[in-house]
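The values are calculated or read from the model by the stated rules, or taken from the named source; none is laboratory data. Note that the structure is a prediction, hence the values are computed from the model and not measured. Note that each Cβ is placed from the backbone with ideal geometry, even for glycine, and that neighbours are counted across all protein chains shown.
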């Protein structure tokens, strides 16, 4: 086990800067997810930790040792690739023990270590098969086994579940969580799937355009997004954003939506401004409740009603745009039904024009 | 009912498709083409089993009195075993060295970054602009200058240049996902291990196909060995059989018996590795200049 520390890491391809002076500290034994949309630099960051990409500026430390210019194989890290990258000409056993074989480790030790890994990952009956004869989940386990046999101090995962179907993805997610619990090894996991990040990681680092947008625990990011980007990226379905104008009121702020509806906000802290300010009010689907038309702050018409079994989502067309509402399974609606929507002001988020969030609301 | 009706229609259309007039004509045409292609081979085999008198007397589909005298003459009165040995040595060395060097060159150009990489690649591509016969005189002068005429090395050296194989290998190495290389690097592979333990074995099919086609090409090559191997002891089979004549001119039976024996290894290679040969031809199709 080892911690990972990136100090002012920069990556340039010619004149294009894809990672910009990034600082990140990954605790020893933690499970950290690097989350962000395609092209945000998360895979590049992981590859720099692995040593597969040169660092343009800054330092990378693993277990306190500067490995910025160290060979990948000497960094004591192992990586699981999105495509698994299993050698097609080798059997499962040979794939798992490949690194040991390259290092000239005795066959008996290879067999013993490979056997131990195979037992842990339930690969014993598959040891003589080639990758082409395995299912997606089995290949994934072999790829993990190949990483595991090296006894790495840090595991790096580059979107390892992307090629699996939905059911298998859930199963493998569970197995990865178990593996982390069993091994306690530091794991850094790249994904664009916020559900994977939320369920697996104890710390999520959200990247946007080569910089860290926010990092923290999954619930911290969900409940207290630092900006509009994180608020929109975390959560499914996404947060609702409503254009509004805020002005100081007797006890806090008064947000007035286009069309006249208003919401009383009591933020813990709001920047000083004179008169009014254009903002966006963000509210998650579960913090909007349905009411009779005219009884809530906003009226609208149901357009789509999705029933997921344990919960339902209503897509409501309003004068402010589409608002998604989460309801319980007992609610029955039809497209075209007129509805009133009540927003919970204590769970509303305020984002200024730059996208930065104001401090969250005081409980009422 | 609809399903049943649809199925019946499908079933009825199947035999019609199988025995359609167009299909029958196409099969006949293919058979005729195959017969035309096979006729010279058949004629060579049959003539090799006739006596010379029988050959010139009349044309019959089967020899009236089959004889293997042409074969016996070829084996006992010529240097055929020596030519076989020369062909085997030169073909095997050319195959092993040319394929290995081409694979390494293709790998280097595809996977490694070094100064002059593009220049090397364009030089290999440009080598197609010059037809091989145009180089024969140059090759001959060089080989004569370094005193390699009538040696195995003299036959082998100019035939080691196989840009087609380099291009095929580069194409295959280019097509491999970079994750294989990166996974091996993470596993601690050095550049030699990357090539010998990952990239080369992953392209084993290509290597086999290239080896077979190179071997066949080397075994069948005539012009260069004919020029460089003037001593009868250094001739290859393809060159040697042209000398199986006597004072009365061309003895068809003997020459064709020699030709049959000469082409036997190649024919066997074709039969044994038919699929690989087809693959190799497909791989190099459109590349060969």
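Tabulated data
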item: Among (1) surrounded by fewer than 16 Cβ atoms within 10 Å (Cβ to Cβ); (2) touching a helix residue (DSSP H, G or I) at 6+ places or on another chain (Cβ under 6 Å) - the single one residue A:71 does not satisfy; result: (2)
item: Yes/no for residue B:199 being within 13 Å of another protein chain (Cβ to nearest Cβ) and at pLDDT 90 or above; result: yes
item: Search result, residues across segment A:34-85 that are within 11 Å of chain B (Cβ to nearest Cβ) and part of a strand (DSSP E or B); result: A:77, A:78, A:79, A:80
item: Unmet criterion (only one of (1) loosely packed, with under 15 Cβ neighbours inside 10 Å; (2) touching a helix residue (DSSP H, G or I) at 6+ places or on another chain (Cβ under 9 Å); (3) without any contact (Cβ under 8 Å) to a residue 40 or more places away in the chain) for residue B:135; result: (1)
item: Set B:207, B:214: member being within 14 Å of chain A (Cβ to nearest Cβ), touching a helix residue (DSSP H, G or I) at 6+ places or on another chain (Cβ under 8 Å), in a helix (DSSP H, G or I) and in contact (Cβ under 8 Å) with a residue 24 or more places away in the chain; result: B:207
item: Filtered residue count, segment A:135-159, keeping only those that are within 13 Å of chain B (Cβ to nearest Cβ), assigned to a loop (DSSP other than H, G, I, E, B) and either over 19 Å from residue A:1 (Cβ atoms) or touching a helix residue (DSSP H, G or I) at 6+ places or on another chain (Cβ under 6 Å) (or both); result: 3
item: Within segment A:321-346, tally of residues that are at pLDDT 90 or above and closer than 27 Å to residue A:226 by Cα; result: 11
item: Some residue of segment A:86-98 being part of a helix (DSSP H, G or I), in contact (Cβ under 8 Å) with a residue 40 or more places away in the chain and facing chain B (nearest Cβ under 9 Å); result: yes
item: Cβ pairs under 6 Å, 6+ apart, first in segment A:285-298 and on the phi > 0 side of the Ramachandran plot, second in a strand (DSSP E or B); result: A:294/A:340
item: Test result for residue A:123, assigned by TED's automatic domain parsing to the domain that holds residue A:73 and surrounded by 19 or more Cβ atoms within 10 Å (Cβ to Cβ); result: yes
item: Residues of segment B:144-188 classified as part of a helix (DSSP H, G or I), farther than 21 Å from residue B:206 by Cα, in contact with a helix residue (DSSP H, G or I) (Cβ under 6 Å, 6 or more places away or on another chain) and away from every other protein chain (no Cβ under 13 Å), total; result: 5
item: Test: residue in segment A:324-332 that is surrounded by fewer than 14 Cβ atoms within 10 Å (Cβ to Cβ) and either touching a residue at least 60 places away in the same chain (Cβ under 8 Å) or not in a loop (DSSP other than H, G, I, E, B) (or both); result: yes
item: Residue under evaluation residue A:275, criteria (1) crowded, with 19+ Cβ neighbours inside 10 Å; (2) over 29 Å from residue A:308 (Cα atoms), criterion not met; result: (1)
item: Elements of type helices (runs of 4 or more DSSP H) in segment A:182-265, at least 2 residues being touching a residue at least 40 places away in the same chain (Cβ under 8 Å) and crowded, with 18+ Cβ neighbours inside 10 Å; result: A:194-200, A:228-233
item: Of residues in segment B:18-36 being loosely packed, with under 10 Cβ neighbours inside 10 Å and either in contact with a strand residue (DSSP E or B) (Cβ under 8 Å, 6 or more places away or on another chain) or in a helix (DSSP H, G or I) (or both), the one modelled with the lowest pLDDT; result: B:18
item: Cross-chain or 6+ apart pairs with Cβ under 7 Å, segment A:10-24 first and at positive phi, then exposed (fewer than 13 other Cβ atoms within 10 Å of the Cβ); result: A:21/A:8
item: Test: residue in segment A:110-125 that is at pLDDT below 90 and assigned to a loop (DSSP other than H, G, I, E, B); result: yes
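Here's the yes/no breakdown for (1) surrounded by 22 or more Cβ atoms within 10 Å (Cβ to Cβ); (2) part of a helix (DSSP H, G or I); (3) assigned by TED's automatic domain parsing to the domain that holds residue B:124:
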{"site": "B:45", "(1), (2), (3)": "no, yes, no"}
{"site": "B:62", "(1), (2), (3)": "no, no, no"}
{"site": "B:67", "(1), (2), (3)": "no, no, no"}
{"site": "B:85", "(1), (2), (3)": "no, yes, yes"}
{"site": "B:91", "(1), (2), (3)": "yes, yes, yes"}
{"site": "B:97", "(1), (2), (3)": "no, yes, yes"}
{"site": "B:100", "(1), (2), (3)": "no, yes, yes"}
{"site": "B:103", "(1), (2), (3)": "yes, yes, yes"}
